[in-house]
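The values are calculated or read from the model by the stated rules, or taken from the named source; none is laboratory data. Remember, it's a predicted structure, so these values are computed and weren't measured experimentally. Please note: Cβ atoms are built from the backbone with ideal geometry, for glycine as well, and neighbour counts cover all protein chains shown.
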Amino acid sequence: MDMTFRLQVFEGPLDLLLHLLEKNKVNIYDIPIAEITNQYLEYIAEMKRQDLNIVSEFLVMAATLIDIKSRMLLPAKETEEEEAEDPRAELVQQLLEYKMYKCMASELRDRQVDAERVLFRAQALPPEVADYEPPVDLDELVQGVTLAKLNEIFRSVMKKQVDRTDPVRSKFGRIEKEEVSLSEKMTYLEQYSAAHHRFSFRNLLAAQAGKMEVIVMFLAVLEMMKLGKICIFQERTFDEIQIQSKMESI
């Protein structure tokens, strides 16, 4: 979408007034209100001759200037303890804000012009570079993780599986499940790790339905580490062992 930031000369009454101040090179905090009012009225008269449908905002500003001029001609009261308020103060504040917005619009316009000159070259990597995959360092994958720690977690999970057994229901008899396939668990782990990217090793084993599934899932984790599809790490000593996928999320 094309966006333009434009502030034309005399787009509004404040724009005309600011033009007169810059033209006369006067201090915006000390406006010679009589001189500026006369020049403003001359511009209004000229604009009326060229276009009778002059907007009312210009006429309102002309009335405001005349009002300020009139108040400045009145003598100040000698009995006032506080310093009399400058009738030009509100107008000065409006001019300062307008000038700030005008400068900001000019800055945005310059940035747009500069942006139009910026060109980007499309990425063009050779196929052999784009398809390159760094070799898997098995030592790096298991850095800080020992078999003793894995065995400790495995035993802890197995104990929880036993503790979860209902002592009453377990006497009703058991229905043996079909043998758990290592390839199925590896497929499940591959999909799970690609979707979750990073998860707890302990929670993964605890989520298995039975003892056999825990064992097979443990073997699946080792196989996936060997293939370089996941890595296992600890952020600090005695922290939870985390599994992180080395594949893109699906």
### Message
Could you list, ordered by first residue, the pairs with Cβ atoms under 6 Å in which the first is in the stretch 127-156 and over 14 Å from Ile232 (Cα atoms) and modelled with pLDDT of 80 or more and the second is of a type outside the set (A, V, I, L, M) and surrounded by 10 or more Cβ atoms within 10 Å (Cβ to Cβ), at least 6 apart or interchain?
### Response
Phe154/Phe218
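Do the conditions hold for Val55, that is, is it modelled with pLDDT under 65, at negative phi and of a type outside the set (Phe, Trp, Tyr)?
yes
Table: residues versus (1) surrounded by fewer than 19 Cβ atoms within 10 Å (Cβ to Cβ); (2) outside the structural domain of Glu140 (by TED's automatic domain parsing); (3) in a helix (DSSP H, G or I).
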{"site": "Thr187", "(1), (2), (3)": "yes, no, yes"}
{"site": "Leu204", "(1), (2), (3)": "no, no, yes"}
{"site": "Met212", "(1), (2), (3)": "yes, no, yes"}
{"site": "Met217", "(1), (2), (3)": "no, no, yes"}
{"site": "Val221", "(1), (2), (3)": "no, no, yes"}
{"site": "Ile232", "(1), (2), (3)": "no, no, no"}
{"site": "Glu240", "(1), (2), (3)": "yes, no, no"}
### Task
Could you grab the pairs with beta carbons closer than 7 Å, sequence gap of 6+ or different chains, first residue in the stretch 181-209 and within 12 Å of Ile243 (Cα to Cα), second one among the small types (Gly, Ala, Ser) and part of a helix (DSSP H, G or I)?
Leu189/Ala220
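Inside the stretch 171-185, can you point out the residues that are assigned to a helix (DSSP H, G or I) and at pLDDT 80 or above?
First, pick out the residues of the stretch 171-185 that are assigned to a helix (DSSP H, G or I): 171-172, 182-185.
Correct list: Leu182, Ser183, Glu184, Lys185.
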### Task
Scan Leu17, Leu7, Leu21 and give me the residue that is modelled with pLDDT under 70 and closer than 30 Å to Arg111 by Cα.
Leu7
